[in-house]
Every structure is written in C-alpha cells, then in structure tokens.
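S.K.: Before we start, here is the structure in question, set down as structure tokens.
Only the coordinates and a few stated rules stand behind these numbers; no lab work does. Since we're looking at a predicted model, the values are computed, not measured. Cβ: placed from backbone, ideal geometry, glycine included. Neighbour counts: every protein chain shown.
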Amino acid sequence: MNDHDDILIRCHELTKHYRRGDRTVTPLQALDLLVSRGEYLALMGPSGSGKTTLLNLVAGIDSPSEGKLEVCGQDLTQLSRGRLARWRAHHVGYIFQLYHLVPVLTAFENVELPLLLDDLSRRERRERVESTLALVGLDDRMHHFPRELSGGQEQRVAIARALVGSPELLVADEPTGDLDREAADAVLGLLRSLSREYGKTIVMVTHDPRAAQAADRILHLEKGRLLEQEGA
Amino acid sequence: MFAKGLRLMLLAAKQLVRHKVRTVLTLCGVASGMFLYTAVQTMQHSLDKATRMRAADTTLVVYRENRFCPETSRLPEFYEEEIRRIPGVREVIPIKVTVNNCGASLDVITFRGVPQNRLARYAPEIKIVDGAYEKWLTRDDGALVGKQLATRRGLQPGDAFEAAGVRVVVCGIIDSPLPQDNSVAYVHLAFLQQASRHGLGVVTQFNVRVNASEDLNPVAAAIDARFRSETDPTITQPEKAFLAQTAGELIDLIGFTRWIGLGAVLAVLGLIGNAVLLVVRGRVCENAVLQTVGFPGTAVGFVVLCEGVLLGLFGSGIGAGLATAFLVWRPFTFGNEGQTIALVPDASLFVNGVGLALLLGMLASLWPAWVAMRKPIVESLRT
Ligand SMILES: Nc1ncnc2c1ncn2[C@@H]1O[C@H](COP(=O)(O)OP(=O)(O)OP(=O)(O)O)[C@@H](O)[C@H]1O
Ligand SMILES: [Mg+2]
C-alpha cells in the first residue's frame, strides 16, 4: 500500500504508434516503467529510440496509443484536452533542450506564463515568480529579454518556468545538450539540488554519461524497449 | 474568468507592441482601409440624410416645371401670396438661388436670397453661432453664412467675400439641424435679384412648410394645379425628393463609392487575416510551448484572436479618426445643378467604423486562431 503511494509514474504496456503516410512507426512498444516519488531518473539511448516520445507521454502533451499511464495518481488517458492542459500547469514542468522561451517576453514574464490562468492575484504571482527566479539564481536578470541572456541563463529561466507552478514532476529533454561544460554543470547542479533539497521527481533524457551520473537511476531505451542499469 | 481573459489580452498586446515593425505596417494598412471606408460612409450617410424622406419632414420645394438649374428656373415672386392661401400651408418663403458653379463640383457656393425680415419666421431652427442677426437685417449686402461654408472658406463675421459675381459681407455664422442650411449663404432677396440679370420680382423657387407631413402630397398637388395654366407652371415636391431628383447624377456617383467602401472592408479583412496567419505560422513552436506549460488550446486561440481584434481596433481608430478629423478640418460640399450635399462626419460613423473593424479583426483571425489551437503539441515542438 505504501509502495503504491510512493509511485509517481506508472506505465503499463505503454505503446505509441505514429502514422507517417501509409507507414506506421512505433517508437514505444509495450513499455513498463515505475518511477518513485522523489526519484531522479536518467534516460539514455540512441537517437530515435523513443526517449522524447516517452517524455512527452509522461508530461501529458501526447497521448498513448495503447497501455496504461498514470502520473501523480491521475490516469492521463481519462482527461479531456482542456483538463489535461490545466493538469500540466500544476503537476509537471517541462524543460527543453533549446529552452523555448518566448522571445518577446522578459525572464519574469516567461516564468509567469504557467500562472497566468490561475486564480492568483498579481501580487501573489509576482512573489512566486520572483522567488522562483531567485531559486535559479537569476533574480538580477528578471527584466531581461531572452536575447540578452546567455544559453545557460536562458535554460535556468526555463527551469524556473517549469518550477513556478510547484509541480511534483520535472521532465527534461537533453537540458544540457546545447550548453558548454560550465553552463551544463550549473544546470545539472540545479537539477540535483531540486531533487535532493526540494524532493522533486525528475526524468531527464541525456546523451551525456557524465550528466547521467548525477541521477539515482539510469535507464537505457533501445528501439522502444527498456534495458535497466543501476546508476551511481 | 474576466481577469484571465484580460491577462491573455495583455499577452496579445505584448506580442504586438514588441514586434513593432510588423505591427506598425499592419496598422498603416488597416488605417488606410478604414480611412477610405469612413470617408465613403460619410458620403453615403450625408447623401442619405439629405435625400431620404423622414416622417417629420414638412418642407416642399416649388420649382419651375421642366427646369433643373437655378439659372433657368424663374418664377414670379407674387406666387407667394397665392401659395400662402392654399390650405395646409403653414409658411412660405420665396428664394432666389445663385451659384458659382452649376455643374458637378466639389466647391459650390450657393447664395439664397430671401426676404430678410421673414427668415426667422420661416426657419426658426436656424441658430446664430457667431455675429449678429440684427446686423444682417440692416445691412443690404450682409450674409448669414452656414457654418460648414464658413469653415471651408475660413470666414468670420466682418469678412467680405465674393463668388458668382456677388460680393457680400459676413454678418453672422449660422447652424441649423438641416444640413442644407449649413453649406449656403443667406442674403437679402432684393440684393441678390439686383445682382443677377433677372432683376426684381423673379425668384428661383419657393420653399413651403406644411402643417404636417401628411399634407405634403395634397398641398403639392394643389400648388401645381393652381399654376398649371399660368405662363410659368410649377412642379412641387418634398425637399428631399427634389434634391434626389436634381442631384441625380451626383447621387449615382456617390452611390458608386459604396463599392469602394466594400473594397476597403475586404482589403482590411484580408490584411488582418494575412498578418495574423503569418504570426501564427511563425509561432507554431511558441504556441506549443504555451500549451505545454498549461494553456488550453482555447487560451492559445484566444490570444491569436485578441491580436486580430486589437489590430482592427487600433487600425480603425487611427483611420476612422483621421478621416473624421480631416472632414471636420476640410469640409467638402458636393454640388450639382445648384444643389449641395455637405459631407458631415458623424460620431456614429466613427463608432460604426471601429465596431466594424473590431468584427473584421475577429473574423479574420478566426481561422488562424483555429489553426493555432488545433495543431498537436508534439508535432509543433518538432518544427
Ligand atoms: N510526431 C511524430 N510523427 C511521426 N513520427 C514520430 C513523431 N514523433 C516521433 N516520431 C518517430 O518516433 C521515433 C522516436 O522518436 P523520438 O523523438 O522519441 O526519439 P529520441 O529517442 O528522442 O531521439 P533523439 O535522441 O534523436 O532525440 C523516431 O523514429 C521518430 O521519427
Ligand atoms: Mg529526443
């Protein structure tokens, strides 16, 4: 029973097909996966093995073709598009390889986005955005536009945006893939402290074995199936 | 709900304001279209006001039969007393009309010579906004100038001006609810008769006020019957029908501008639609990110819709505002055969223009908004 409560992500025979013309691609094939609450998981695997696909399903921005998928106690296949969107705002933060900040919005405004449709006052929103930006060490860059920030700073703004809705789960798709060594280390350090100090559950896709070493567990995906390997 | 909508609208506004060049170009286009549209609407509206009969109309115009120009319509002044005796007639005034240009023109100056001591009784609705009525009464070459004509020519009390060989001195500026009065100059009848080669005793037309609008047709018929066998038979019509008839070519011309207005509307629709569609095309990934962080598709669509609406709103505000300001600053008067139709801008036209553009903006961005909200997130993120 306790064991049941400690599971944040539950995939059972999870399958995803994409139709491309008259060909069907199956990036995920009957995948079983359990991720505990507070766990820091690294996903590795060759290009095209379905890592991003799995992340997208877990983050609720894509829907499985077959199988069961439960995240934060919610069966995602049961939610309508609109409710799924609101679920995402509070249960999962997505960190992209290319940051994907909105270029015409400042760091502050980018981080504020997930809160925009909540019933929070302007002041409550401001406090949360400011404290989240302080958490990623960017309280002095609040009113800068993305073009005025370095790649590493942009990625930290993106992490703040993922965090601001206080989700239990963070998913990151090659978050250091576009950064130099130093900036990558800063981002990895931040993710590690989010896991250790704030108890966030993290699923991170990476090609970098060094980055994966930070995780509690490393999983290898190969042609849509998992090969497990214990982490450091 | 309302607060959230407002926040999304603010987001749309930021998108517009922070893509300055693109937004300014689109606004210029929308403003040009709406400038044209408002100008055309003002023409249509002014024409309609001048020629369409209303229930409260009580004015008849008595003209020489088969004549259409003030130069050729000549009636004996003594008809006045005959007309006054016809039952249903409340008031009658003989008018001598002299114009500087009998053909179709944009700058017509019309003098109306009337018995000076009777103008106030015949047209109590005329108000003096500047100068003095008494001065006009006593000054032979005095003129009461309609406010539109005064603005157009830059006239003030005390100024002298000359047109159509008639030189007058402005004694007062008048304002009347009847647009016709605002674009003419009232002078003494005898003065105008002497200035023209027809001489005393000859007038161009009689304006007749009847007791009630039901009396218009019977009184008109009675007047024409009375003079049928005279050397100068008459044709009597309600003032607006008279205008519609004598200014027929002008009306056709202005009627045609309706299509220009429609063209302007379609251009604005296309322009906003194109601008918003390009915006959406360029923001595929950005919109997918908004959805990833918790925006429902409807919220993303709403932001796009707001951008179209804001473009329409501000573009038309600028365009319609400039058109209205321009027509106030530079009033135009269309004239043909001595009849004038003043282009009078109207606050309701401005409001209608802005309202229409708001609707156009919404209409034009419906499809782009739909595109933005329906595209699957993962597909958009891969672009
Ligand atoms: N929306 C889609 N439509 C069609 N095919 C897709 C779609 N998304 C993914 N695929 C296919 O599914 C397979 C797995 O893709 P996925 O992006 O999950 O791989 P990945 O492991 O993240 O690879 P990489 O390391 O290169 O990012 C690929 O063959 C890809 O072409
Ligand atoms: Mg990938």
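S.K.: Amide H of residue B:92: which non-local residues (sequence gap of 5 or more, or other chain) have their own amide H closer than 5 Å, using H built in the peptide plane?
M.R.: B:209
S.K.: Can I ask one more? For the range A:36-49, in order, what is each residue's ³J(HN,Hα) by Karplus, 6.51 cos²θ - 1.76 cosθ + 1.60 with θ = phi - 60°, in whole Hz (x at glycine and Pro)?
M.R.: Coupling constants for the range A:36-49: 7, 4, x, 6, 10, 10, 10, 10, 10, x, x, 4, x, 7 Hz.
S.K.: For peptide B:282-292, compute the average count of partner chain beta-carbon atoms within 10 Å of each residue's beta-carbon.
M.R.: Averaged over the peptide's residues, the number is 5.
S.K.: A follow-up question, please. Give the average over all directions of the projected area of the C-alpha convex hull of the range B:20-131, one decimal, in nm².
M.R.: The number I arrive at for the range B:20-131 is 12.2 nm².
S.K.: I would also like to ask the following. How far apart, in nm, are two points set 7 Å out from the Cα along the Cα-to-Cβ line at residue A:24 and at residue B:81?
M.R.: Each label point lies 7 Å from its Cα, and together they span 10.7 nm.
S.K.: Tell me, what HN-Hα J-couplings in whole Hz come from the Karplus equation 6.51 cos²θ - 1.76 cosθ + 1.60 at θ = phi - 60° for each residue of the range B:10-16, using x for Gly and Pro?
M.R.: Using θ = phi - 60°, the values come out as 4, 4, 4, 4, 5, 4, 6 Hz.
S.K.: P(r) tail for the range B:159-270, what percent of Cα pairs lie past 22 Å?
M.R.: Beyond 22 Å sits 60 percent of the P(r) for the range B:159-270.
S.K.: Once all Cα-Cα distances of the range B:86-137 are split into 10 Å bins that start at 0, what whole-number percent is in each one?
M.R.: 19, 39, 32, 10
S.K.: I want to verify a result. In a Gaussian network model of chain A, Cα cutoff 10 Å, which of these has the top mean-square fluctuation: A:149, A:55, A:120?
M.R.: It is A:120.
S.K.: Still on this structure, please answer the following. Within 10 Å of each Cβ of A:102-114, how many other protein chain Cβ atoms are there on average?
M.R.: 4
S.K.: Among B:59, B:38, B:292, whose mean-square fluctuation peaks in a Gaussian network model of chain B (Cα, cutoff 10 Å)?
M.R.: Evaluated over chain B, the most mobile residue of the options is B:292.
S.K.: In whole Å, what are the extents of chain A along the principal axes defined by its C-alpha atoms, from largest to smallest?
M.R.: So the three principal-axis extents are 46, 45, 39 Å.
S.K.: When chain B is treated as a GNM, springs tying every alpha-carbon pair under 10 Å, which of B:21, B:293, B:129 comes out with the largest mean-square fluctuation?
M.R.: Comparing B:21, B:293, B:129 in the GNM, the peak value goes to B:293.
S.K.: Would you please give the residues with an amide H less than 5 Å from that of residue B:101, counting only those at least 5 places away or on a separate chain, with H modeled from the backbone geometry?
M.R.: B:109
S.K.: Once the other residues with Cβ under 15 Å from the Cβ of residue B:65 are scored (Lys, Arg +1; Asp, Glu -1), what is the net sum?
M.R.: +2
S.K.: Related question: How many percent of Cα pairs in the protein assembly as shown exceed 34 Å?
M.R.: In whole percent, the share of Cα-Cα pairs in the protein assembly as shown beyond 34 Å is 59.
S.K.: List every residue whose amide H lies under 5 Å from the amide H of residue A:40, counting only residues 5 or more places away in sequence or on a different chain, with H placed 1.01 Å from N in the peptide plane.
M.R.: Counting only residues 5 or more places away or on other chains, the set is A:202, A:216, A:217.
S.K.: Follow-up. Just round it to a whole percent: the fraction of Cα-Cα distances in the range B:258-320 exceeding 14 Å.
M.R.: Counting every Cα pair in the range B:258-320, those more than 14 Å apart make up 65 percent.
S.K.: Based solely on its DSSP helices, what 222 nm [θ] is calculated for chain B when runs of n ≥ 4 H residues each add -39,500 (n - 2.57) and the sum is averaged over all residues, nearest 500 deg cm²/dmol?
M.R.: The per-residue figure over chain B is -17500 deg cm²/dmol.
S.K.: Expressed as cubic angstrom per residue, what is the convex hull volume of the alpha carbon set of the range B:214-312?
M.R.: 131
S.K.: Still on this structure, I have one more. Would you kindly derive the ³J(HN,Hα) couplings of the range B:174-187 from the backbone phi angles with the Karplus curve 6.51 cos²θ - 1.76 cosθ + 1.60 (θ = phi - 60°), listing them in order in whole Hz, with x for Gly and Pro?
M.R.: Listing the rounded values in order: 10, 10, 9, x, 8, x, 4, 5, 7, 10, 10, 10, 8, 10 Hz.
S.K.: For chain B, what relative contact order do you get, as a whole percent, if you take Cα pairs closer than 8 Å and at least 6 residues apart?
M.R.: The normalised contact order for chain B reaches 29 percent.
S.K.: Just the number, please: Stokes-Einstein D of the range B:66-232 in µm²/s, Kirkwood Rh from C-alpha pairs, 20 °C, 1.002 mPa s.
M.R.: 130
S.K.: Specify whether the C-alpha gyration tensor of the range B:243-383 places it in the rounded, prolate or oblate class, a ≥ b ≥ c being the square roots of the eigenvalues: rounded for a/c under 1.5, otherwise prolate if a/b is larger than b/c and oblate if not.
M.R.: prolate
S.K.: What do you get for Rg/Rh of chain B when both radii come from the Cα atoms and Rh is the Kirkwood radius?
M.R.: Ratio of gyration radius to Kirkwood radius: 1.17.
S.K.: Determine the relative contact order of the range B:66-232: mean sequence separation of Cα pairs under 8 Å and six or more apart, normalised by residue count, in whole percent.
M.R.: That works out to 33 percent.
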